[in-house]
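The values are calculated or read from the model by the stated rules, or taken from the named source; none is laboratory data. Only a predicted model underlies this, so the values are computations on that prediction, with no experimental measurement involved. Quick reminder, even Gly has a Cβ in these numbers, built from the backbone with ideal geometry, and neighbours come from all protein chains shown.
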Amino acid sequence: MHQPVHMFEITGRDAAGRCGVLSINGRRLETPAILPVVNPKKMLITPRELAEMGFQGIITNSYIIYRDEGLREEALAKGIHALLDFDGVIMTDSGSFQLFRYRRVEVSQREILEFQDRIGVDIGVMLDIPTPPDVPASAAERDAGETLLRAEEAAEFERRMLLTGTVQGSTYPELRRRLASRISELGFEVHAIGGVVPLMEDYRFAELVRLVMPARQCLGHAKPVHLFGAGHPMLFSLAVLMGCDMFDSAAYALYARDGRYITPSGTLRLEELRELPCSCRVCSEHTIAELRSLDAEEREKLLAEHNLLVSLEEVRRVRQAVHEGSLWELVERRARAHPRLLEALHALHAHSDYIEALEPVTKPRAFFYTGAESLLRPAVRRHLERLGNIELRGRELVLLQEAEKPFSRSYRLSSSRRYHICVVSQVFGIIPLEVEESYPLMQHEGLEVPEEAQLRHMRRAVDEYAAGFERVHVHTSLAEVLNVEGEVFESHGEFRADPDPELKLRALADYQFGRGAGRMLFSSARAEYSRQGMLRRAYSDEGELLATLRPEDGVLVLTIAGARRLLRLPPPMCRVVVDEEAERFVREGRSVYARFVKACDPAVRPGSEVLVVNGEDELLATGRAVLSAQEMLELGCGVAVKTRHGCR
Ligand SMILES: [Zn+2]
């Protein structure tokens, strides 16, 4: 089959969201992207103006062009880019919207696909059967069956444009999951999730999450995913966190006609406004009184322009959040704007396993607590699970209350062979002193005084953790506040002992690489400290450098000597297995491309330090994973591991 020339490269990631670049026909679309809907018959704002505002792509309706003889002939003669006077990426819908409204269109799928391709569209869309929410299950099944048949037909179609396969399924998560998984096998270059506009219009955001997530999970990681009709900026961060890459907005125009003023956290009516709470071009050049006094058409255009600019601004804010690792903070902040959005955030936590598997282990930005929902972020659970990797044979647990970080310096304490000293944290539950530098334990901001939800969280974490110890010592203040059982003490001085670098290194390695790693890597190791007394480097007894502890996030970075020791862990732990074709390059220290990855430890996350090996489990290199395990196996392009040291 003829394959259009294109590429989708992922450039940043956070939670299940990503930033990327879709290249097609020499045009670039940075994702997440918002594509304004352009009505070819009535342009409120011209595509040229949209390009000047900064939009790299638009979406228009090929069915409307096809049905209008004048437009059709012009499009066929000049191409869609000249017709619309827009040189960016043009996506076209195929009449599904009309099917949705009127239940019929006067064109076959084949005709409309051929037409989209002939007029030079960059991204076409199959003619799926949109099913509204809340229809009987039998009707949703029937429509989904028809959509699948059409998807199979569309996938066979020879073309130059990219083609979008759309998932429907009404309000039935299981049906959406099934259809998505079939559609993902058909080789579309873009995937879409459709039929959710009425849910968004009715603020049924929790249901939106329950329907989008199962479909999204089955669509894989290699292709961009478009969420049809998600045009309101209040939803962008949530949709991106779920793994959607593209949106379209008709809202900017529909709202403008209706006198509605979009903000990143909701919609206001122009007549209710006394101020313009925005500094876009429109809002800084006009007062509210001026806007009101304009004639309807002029006001509509200015309002539409404002609506577009705030949408674009929010997309940029979301992209920035993905790159710096603060997408959860942004979603939690947006969720405060409306109770329905808060419910959507709660619904999202049901999918935290899926999201955790994609989320980076270390980020450029600190973890900010924004409220009780922050305790449900994957990073918190991941931390508590990783604690289970640390070997603690026969030690006694000592629990202290939080202090200024680093805790070991505040208390002038460190864990010893007898006492495992932990701080009870309002955000992370339990923080052992051995691993306190690890991201995000050192790099987080909480409250001065914990709130009720945090106290429950702390109590639960302590109960679970303390169950593994025969003796537990609890500081008196904690014993009171948390009602924790154990031997109460007042002065922590009795637990003071000389720092044990090997103990600390082993705990760090267990926590980062998995159970048993500490024993492999650091049995008989020496440590070097910074002038401030922080552990920085680990050497073998023979004086060979094994690893350095990166100061900014407490990650152990391996040398080749360290990697050789870690290789004694049973496969697939910490491994990325590459094809023999790539072996020579990787040994020379070049990065590992995803298309050469043959297998991978399922525990690998973006940011994990990994061992790169060949099929015989021989060490080729060490480096930092850029992708999660799932993505490495699915993505056909891009770097999977940034190699640090090759092994010649
Ligand atoms: Zn404005």
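Name the single residue that is nearest to Ala479 (Cα to Cα) among those in the stretch 445-464 being touching a residue at least 24 places away in the same chain (Cβ under 8 Å) and not in a helix (DSSP H, G or I). Among residues in the stretch 445-464 that are touching a residue at least 24 places away in the same chain (Cβ under 8 Å) and not in a helix (DSSP H, G or I), the one nearest to Ala479 (Cα to Cα) is Pro450. The residues of the stretch 295-335 that are over 15 Å from Gly266 (Cα atoms), of a type in the set (D, E, K, R), more than 15 Å from the ligand (Cβ to nearest atom) and in contact (Cβ under 8 Å) with a residue 24 or more places away in the chain, listed by number, are Arg319, Glu324, Glu329. Got at least one residue in the stretch 55-77 being of a type in the set (S, T, N, Q), in a loop (DSSP other than H, G, I, E, B), closer than 24 Å to Ala253 by Cβ and under 29 Å from the mean Cα position of the chain (by Cα)? Scanning the stretch 55-77 turns up at least one residue that is of a type in the set (S, T, N, Q), in a loop (DSSP other than H, G, I, E, B), closer than 24 Å to Ala253 by Cβ and under 29 Å from the mean Cα position of the chain (by Cα). Out of the residues in the stretch 247-280 that are touching a Gly at 6+ places or on another chain (Cβ under 8 Å) and within 14 Å of the ligand (Cβ to nearest atom), which is modelled with the highest pLDDT? Among those that are touching a Gly at 6+ places or on another chain (Cβ under 8 Å) and within 14 Å of the ligand (Cβ to nearest atom), it is Tyr252.
Residues of the stretch 601-639 that are closer than 16 Å to Glu580 by Cβ and hydrophobic (A, V, I, L, M, F, W, C): Val612, Val613, Leu619, Leu620, Ala621.
Applying the set (1) of a type in the set (A, V, I, L, M); (2) assigned to a strand (DSSP E or B); (3) touching a residue at least 24 places away in the same chain (Cβ under 8 Å) to Leu50 leaves exactly one unmet item: (2).
Restrict the check to the stretch 230-246 and report whether at least one residue is in a strand (DSSP E or B), out of contact with any Gly (no Cβ under 6 Å at 6 or more places or on another chain) and modelled with pLDDT of 95 or more. Checked against the condition, which is being in a strand (DSSP E or B), out of contact with any Gly (no Cβ under 6 Å at 6 or more places or on another chain) and modelled with pLDDT of 95 or more, the stretch 230-246 yields at least one hit. Among (1) hydrophobic (A, V, I, L, M, F, W, C); (2) without any contact (Cβ under 8 Å) to a residue 40 or more places away in the chain; (3) out of contact with any helix residue (DSSP H, G or I) (no Cβ under 6 Å at 6 or more places or on another chain), there is one condition Ile10 misses while meeting the rest; what is its number? Checking Ile10 against (1) hydrophobic (A, V, I, L, M, F, W, C); (2) without any contact (Cβ under 8 Å) to a residue 40 or more places away in the chain; (3) out of contact with any helix residue (DSSP H, G or I) (no Cβ under 6 Å at 6 or more places or on another chain), the one that fails is (2).
Taking the criterion of being of a type in the set (A, V, I, L, M) and in contact (Cβ under 8 Å) with a residue 60 or more places away in the chain, the residues of the stretch 622-648 that qualify are Leu627, Ala629, Leu635, Ala640, Val641. Looking across the stretch 617-638 at every residue that is more than 17 Å from Phe585 (Cα to Cα) and of a type in the set (Asp, Glu), the one that is surrounded by the most Cβ atoms within 10 Å (Cβ to Cβ) is identified as Glu631. Tell me which residues, restricted to the stretch 639-648, are surrounded by fewer than 24 Cβ atoms within 10 Å (Cβ to Cβ) and either closer than 12 Å to Tyr593 by Cα or of a type in the set (Val, Ile, Thr) (or both). Those that are surrounded by fewer than 24 Cβ atoms within 10 Å (Cβ to Cβ) and either closer than 12 Å to Tyr593 by Cα or of a type in the set (Val, Ile, Thr) (or both): Val639, Lys642, Thr643. Kindly indicate the residue of the stretch 24-58 that is hydrophobic (A, V, I, L, M, F, W, C) and out of contact with any strand residue (DSSP E or B) (no Cβ under 8 Å at 6 or more places or on another chain) and also surrounded by the most Cβ atoms within 10 Å (Cβ to Cβ) among those meeting that condition. The qualifying residue surrounded by the most Cβ atoms within 10 Å (Cβ to Cβ) is Leu44.
In the set (1) more than 16 Å from the ligand (Cβ to nearest atom); (2) touching a His at 6+ places or on another chain (Cβ under 8 Å), the condition left unmet by Glu343 is number (2).
For every residue, the table says whether it meets (1) within 14 Å of the chain's Cα centre (by Cα); (2) among the polar types (S, T, N, Q).
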| position | (1), (2) |
| --- | --- |
| Gln320 | yes, yes |
| Leu327 | yes, no |
| Arg333 | no, no |
| Leu341 | no, no |
| Leu358 | yes, no |
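Would you confirm whether any residue within the stretch 281-289 is surrounded by 12 or more Cβ atoms within 10 Å (Cβ to Cβ), at negative phi, within 29 Å of the chain's Cα centre (by Cα) and within 12 Å of the ligand (Cβ to nearest atom)? Scanning the stretch 281-289, I find no residue that is surrounded by 12 or more Cβ atoms within 10 Å (Cβ to Cβ), at negative phi, within 29 Å of the chain's Cα centre (by Cα) and within 12 Å of the ligand (Cβ to nearest atom), so the answer is no. Beta carbons closer than 7 Å, at least 6 apart along the sequence or on distinct chains, pair a first residue in the stretch 70-89 that is crowded, with 16+ Cβ neighbours inside 10 Å with a second that is among the acidic types (Asp, Glu) and part of a helix (DSSP H, G or I) for Leu83/Glu74. Of all residues in the stretch 183-203, those that are of a type in the set (Val, Ile, Thr) have Cβ atoms under 6 Å from Cβ atoms of residues that are at pLDDT below 95, 6 or more apart or on another chain, in Val197/Gly229. Of the numbered criteria (1) over 17 Å from Asp117 (Cα atoms); (2) at pLDDT 95 or above; (3) not in a helix (DSSP H, G or I), the one Glu9 fails is (2).
Scan the stretch 145-175 for residues that are within 27 Å of Pro4 (Cα to Cα) and in contact with a helix residue (DSSP H, G or I) (Cβ under 8 Å, 6 or more places away or on another chain) and the total you get is 15. The helices (runs of 4 or more DSSP H) found wholly in the stretch 348-439 and carrying at least 3 residues that are of a type outside the set (Asp, Glu) and surrounded by fewer than 21 Cβ atoms within 10 Å (Cβ to Cβ) occupy 378-387, 407-411.
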